[in-house]
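The values are calculated or read from the model by the stated rules, or taken from the named source; none is laboratory data. Since we're looking at a predicted model, the values are computed, not measured. For neighbour counting, all protein chains shown are included, and Cβ atoms are generated from backbone atoms with ideal geometry for every residue, glycine included. These area figures cover heavy atoms from the full protein model, side chains too; ligands, DNA and RNA do not enter into them. Shrake-Rupley method; radii C 1.70, N 1.55, O 1.52, S 1.80 Å.
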Amino acid sequence: LNDSMAIIFWQDVGMKRRAVDYYENNGEGFGHYARVLRERGYDYARHYMPHDASHRMLNEKATTRQQEAESAGIKPIEVLKRIQTEQDGIEASRTFLPNVYIDEERCSRLIQCLDNYRKEWDDKRGVFKDRPLHDEFSHGYKSFESAAIRPTPIRQRPLDLSKLGTRV
């Protein structure tokens with residue numbers, strides 16, 4: 001319960017992706033997040049969770065985070081593959097970013113997280129360490145990174161409006 005949760009609400013438009021809303025919290029169970037999802041009123045095609053959502057937890061029934069989320073009503077869920085290295089995730093995010101529209105108002109915290117995600121500084125050596133700094137901005141960035149490795153939306157054929165007739 002002390003783990004942070006960052007949720008980006010995405011809308012796919014053709015091959016473009018839009019971050020239309022953002023929610024972040026900690027210390028809550030999946031029931032809380034299921035309520036947040038319902039209260040937002042969006043129509044969800046799928047929920048994506050990071051790779052560790054399929055790992056069993058040390059709880060009474062040894063369930064996974066995915067199972068706990070589904071029990072709370074968050075469905076359907078797809079667990080994403082593990083990103084091999086930090087650099088792979090950063091490169092995926094850099095490649096993804098130009099194709100993304102981010103709502104400045106509703107996603108202001110996400111923008112703050114993206115702006116402030118950075119490498120950890122080593123005071124002793126006066127250089128940056130090889131790993132990113134894990135701080136209040138990490139969770140929002142990691143949620144974005146998960147979207148960057150999410151499967152590409154399936155491009156649908158445009159509707160043939162000529163067969164629909166005319167409206168009066």
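Stokes-Einstein at 25 °C, 0.890 mPa s, Kirkwood radius from Cα pairs: D for region 1-97 in µm² s⁻¹?
164
Cα extents for the chain along the principal axes, largest to smallest and rounded to whole angstrom: 74, 43, 29.
Ordered by solvent-accessible area of protein heavy atoms (1.4 Å probe), largest first, the residues Arg106, Arg125 come out as Arg125, Arg106.
Straightening the chain between Thr63 and Arg125 buys 18.0 nm, computed as 0.36 nm per residue apart minus the Cα-Cα spacing.
Based on DSSP H segments of at least four residues, each scored -39500 (n - 2.57), the chain has a per-residue ellipticity at 222 nm of -8500 deg cm²/dmol. A simple spin-label model places pseudo-atoms 7 Å from Cα toward Cβ; at His51 and Val13 they are separated by 3.3 nm. Computed over the chain, relative contact order equals 24 percent, with contacts defined as Cα pairs under 8 Å that lie 6+ residues apart.
Sorting 139-149, 38-48 by their mean Cβ neighbour count within 10 Å, with the most densely packed peptide first, gives 139-149, 38-48. In order along region 140-152, the phi-based Karplus estimate (6.51 cos²θ - 1.76 cosθ + 1.60, θ = phi - 60°) of 3J(HN,Hα) comes to x, 4, 4, 5, 5, 4, 4, 5, 5, 9, 4, x, 5 Hz; Gly and Pro are listed as x. Taking 17 Å as the cut-off, the amide N atoms of region 36-58 that come nearer than this to a point 7 Å along the Cα-to-beta-carbon line of Asp103 belong to 36-46.
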